Amino acid sequence: MTRIEELTRDEFSQAIDRDPVIILPLGATEAHGRHLPLGTDSLQPEWVADRIAERAGALVAPPVRYGMHSSTRNMPGTIDISFDTLHHLVLEILESLVRNGGKRFLVLSGHAGGSHAAAIKEACRRIVTAYGAKVMFICDYELAAEKAIRSGVDPLDGHGGAVETARVMHIEPRLVKEDRRKGEYISHGYMVLPDPEICFPEGIAGDPAAASEEMGRELNEHVVERLLDIMARDGL
């Protein structure tokens, strides 16, 4: 068993004694157009975390399925938490795991928002400086996008586009709807907007019609392999 919540007290103690990497999957509950579930950003890192755990003997901490949002904040179904809430939540989860004997952590985010990432990274930094733990923080979308772009996917593909649609089609195909209209992100430059959702007229960026389950399988497997390589390279 690799998921912490499935272990007993004694099983957890025995597992921690082996000094495993502990993976903390961080997702979100966020609108992803008309065709993808609100849990898209949670499904992806949780799937990856389970595969990494199987391959590397890691433990998977209970996931966090809430995040910080900007351009989707006012869309139906998005559940938004503040920078400070996210920062302290990640910090306190990691602190608790350190108290339980954890020394090595992979913090894996499925949501790629800039402020969201900044809140998490600052929490990770505090864990490293205060406790001397090893912490790696990465967004798995970045790893999927690097392969997708090399395979010919539009570099402007993003939120709810071909990459995310394909990955969810592979992970949980029953949750992907057929209404896969194309969308784009419309920049408003440096302006701070009271209604940032106008940047996403269709709620997505990219062409989800270009996605397939096979494409998703290739992307998901690439993320796992690439992440294992990075962990080995960086000494986690």
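The values are calculated or read from the model by the stated rules, or taken from the named source; none is laboratory data. Because the structure is a prediction, the values reported are computed rather than measured. All Cβ positions, even for glycine, are placed from backbone atoms using ideal geometry, and neighbour counts span all protein chains on display.
Name the residue, out of 160, 216, that is in a loop (DSSP other than H, G, I, E, B) and either β-branched (Val, Ile, Thr) or buried (at least 18 other Cβ atoms within 10 Å of the Cβ) (or both).
Result of the check over 160, 216: 160.
Inspect region 129-146 for any residue being of a type outside the set (Phe, Trp, Tyr), surrounded by 13 or more Cβ atoms within 10 Å (Cβ to Cβ) and over 22 Å from residue 47 (Cα atoms) and give the result as yes or no.
Scanning region 129-146, I find at least one residue that is of a type outside the set (Phe, Trp, Tyr), surrounded by 13 or more Cβ atoms within 10 Å (Cβ to Cβ) and over 22 Å from residue 47 (Cα atoms), so the answer is yes.
What do you reckon, is residue 180 surrounded by 13 or more Cβ atoms within 10 Å (Cβ to Cβ) and basic (Lys, Arg)?
In short, yes.
List pairs: first residue in region 12-34 and at positive phi, second residue part of a loop (DSSP other than H, G, I, E, B) and surrounded by fewer than 18 Cβ atoms within 10 Å (Cβ to Cβ) anywhere in the structure, Cβ distance under 8 angstrom, at least six positions apart or on different chains.
19/103; 33/181; 33/202
Can you pull out the residues in region 63-85 that are modelled with pLDDT of 95 or more and either among the small types (Gly, Ala, Ser) or over 23 Å from residue 114 (Cα atoms) (or both)?
67, 77, 82
Being within 23 Å of residue 25 (Cβ to Cβ), of a type in the set (A, V, I, L, M) and surrounded by fewer than 20 Cβ atoms within 10 Å (Cβ to Cβ) narrows it down to one of 186, 198, 120, 171, so name that one.
On the way: 186 fails: within 23 Å of residue 25 (Cβ to Cβ); 198 fails: within 23 Å of residue 25 (Cβ to Cβ); 120 fails: surrounded by fewer than 20 Cβ atoms within 10 Å (Cβ to Cβ).
Among 186, 198, 120, 171, only 171 is within 23 Å of residue 25 (Cβ to Cβ), of a type in the set (A, V, I, L, M) and surrounded by fewer than 20 Cβ atoms within 10 Å (Cβ to Cβ).
Here's a check for you: in region 202-213, which residue that is in contact with a helix residue (DSSP H, G or I) (Cβ under 7 Å, 6 or more places away or on another chain) and part of a loop (DSSP other than H, G, I, E, B) is surrounded by the fewest Cβ atoms within 10 Å (Cβ to Cβ)?
So, considering only residues that are in contact with a helix residue (DSSP H, G or I) (Cβ under 7 Å, 6 or more places away or on another chain) and part of a loop (DSSP other than H, G, I, E, B), the one surrounded by the fewest Cβ atoms within 10 Å (Cβ to Cβ) is 212.
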